[in-house]
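The values are calculated or read from the model by the stated rules, or taken from the named source; none is laboratory data. Note that the coordinates shown come from a computational prediction; the quantities given were computed from them, not determined experimentally. Using ideal geometry, Cβ is built from the backbone for each residue, glycine included, and neighbour counts are taken over all protein chains shown.
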Amino acid sequence: MVTFLVSGLWHGASWTFVVWGMVHGMYLIISQAVGPYTARLGKTFHAERFPAMVSALKILLTFGAVTVAWAFFRAKTLSDAWFVVTHLLPLGRLDPFVLKVGGFTRATAPFLTSFLVGMFVVERWIAHPSRTPKVWASPVFRALSCNVCIYSIVFFGFFGHRDFIYFQF
C-alpha cells in the first residue's frame, strides 16, 4: 500500500493523486484477498468451460476499476473526482449533464457506445485472425468495418490542443 501511496505522490502533490495511488493499492489488496474464493467459485461454476467469457469478464472488471481510479487522477479536487465517480453509472436514467460534460448529447451516446464496441471487436479480429468469423474473410466487410472505426474516431474524437499531462502542473 505504501508503494501505491508514494506512486500517487510521485505523480503530483495533491490529495487526488494520493487517493489515486491508494485506490490502486486497495485494488491489489482486494485482489489478493478474494483470489482463493474466486478460484473456488470458478471451479464450482466450471469456468474452465468458458474461457472467453471469463476473460471478457476480467477485462470489463479491470477496465471499470481503473476508470474509477483515473477519475481521481484527472480531477482537480476530491469533490470533483467524487462527482465523476458517483455519476459514472447513472442508475435509473441517463444524466444529460454528465453526457454534456463529456461533450456528448443523449442522441449520440448510443452511437458512441456502438462504435466503441465495434472498434474493440475489429481490433480483436485483427489481433487474433484464427478466431475471426467467416464474414471477416470478405474484403467488403473488412473495409466497411475499418471505415466505421475511422468514422467513429473522426466523429467522436477530440482534436483540440492539449498539453501533455505532466506539463499541466
For region 38-78, which residues satisfy the criterion of being modelled with pLDDT of 85 or more and aromatic (F, W, Y)? F63, W70, F72
Of everything in region 66-87, what is part of a loop (DSSP other than H, G, I, E, B) and crowded, with 19+ Cβ neighbours inside 10 Å? Give them in sequence order. A75
Please tell me if L91 is modelled with pLDDT of 80 or more, under 30 Å from V19 (Cβ atoms) and out of contact with any helix residue (DSSP H, G or I) (no Cβ under 9 Å at 6 or more places or on another chain). no
Quick test of your reading of the structure: E123 fulfils all but one of (1) modelled with pLDDT under 80; (2) under 28 Å from F72 (Cβ atoms); (3) in contact with a helix residue (DSSP H, G or I) (Cβ under 9 Å, 6 or more places away or on another chain). Name the failing condition by number. (1)
